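Asker: Please find one structure pasted underneath; my questions will follow.
The values are calculated or read from the model by the stated rules, or taken from the named source; none is laboratory data. For clarity, every value in this text was computed on a predicted model and none was experimentally measured. Cβ placement follows ideal geometry from the backbone for every residue including glycine, while neighbour counts extend to all protein chains displayed.
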Amino acid sequence: MATWTKDKIQNLLDNNDRAVERAIVAIYDRQTRDEKATSDTKHDNTVGFTAAHASKGSYYARWVLSGRKLTGHHLGNARRIAKHYHRQLCEIANAKETQKRPAAATVATTSGYNREVSEPPVGSWASVARIMAEGDTSGFDWDAWKDQMKEADLG
């Protein structure tokens, strides 16, 4: 069963600039090598950018991959482009969710005792925050974001 839906993806993209950047890069990563080289769509394979977004989407992805952030109208354009690809983003996110993870991990605490830590439920905000934080070196507080999203669901 898919845990990521169009609504969840679009809500995330509406509320998180870093998610927009990661989404653009994720779609760019699905482009073929020759499409990346020319910033164009050459294959009708239903993955990556369409011809309408290939040039701008590739530009934004390379910008982000160079370590820079999208801002202003470029961020707005990237957000609109990313939301167009909600189906592919759902596929990507759901594939990550279904990758095998250990049910529980043992971690050492500062007191010297080991304790078992289980993974958050698939599709929960905690699970989403872990996925988004994976490899993120921006310093963004994913734990605070998770709490904010939980509160928004309750409110």
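Asker: Would you be able to tell me the number of residues in the stretch 104-137 that are surrounded by 10 or more Cβ atoms within 10 Å (Cβ to Cβ), modelled with pLDDT of 75 or more and more than 22 Å from TRP4 (Cα to Cα)?
Answerer: 0
Asker: Of the residues that make up the stretch 71-87, is at least one more than 18 Å from ASP17 (Cβ to Cβ), modelled with pLDDT of 90 or more and assigned to a helix (DSSP H, G or I)?
Answerer: yes
Asker: Tally up the residues in the stretch 21-59 that are at pLDDT below 80 and assigned to a helix (DSSP H, G or I), please. Explain how you work it out, then say what you get.
Answerer: Let us first name the residues in the stretch 21-59 that are at pLDDT below 80, namely 32-47.
The next check asks that each one be assigned to a helix (DSSP H, G or I); those that pass are 33-38.
Looking only at that region, the number is 6.
Asker: Mind listing just one residue for me: the one in the stretch 60-70 that is in contact (Cβ under 8 Å) with a residue 12 or more places away in the chain and either touching a His at 6+ places or on another chain (Cβ under 7 Å) or part of a helix (DSSP H, G or I) (or both) and, of those, farthest from THR3 (Cα to Cα)?
Answerer: Pass one, the stretch 60-70, residues in contact (Cβ under 8 Å) with a residue 12 or more places away in the chain: 60-62, 64-65, 69-70.
Retained after the next criterion (residues that are either touching a His at 6+ places or on another chain (Cβ under 7 Å) or part of a helix (DSSP H, G or I) (or both)): 60-62, 64-65.
Details: TYR60: 28, ALA61: 26, ARG62: 29, VAL64: 27, LEU65: 28 Å.
Going through the qualifying residues, I end up with ARG62.
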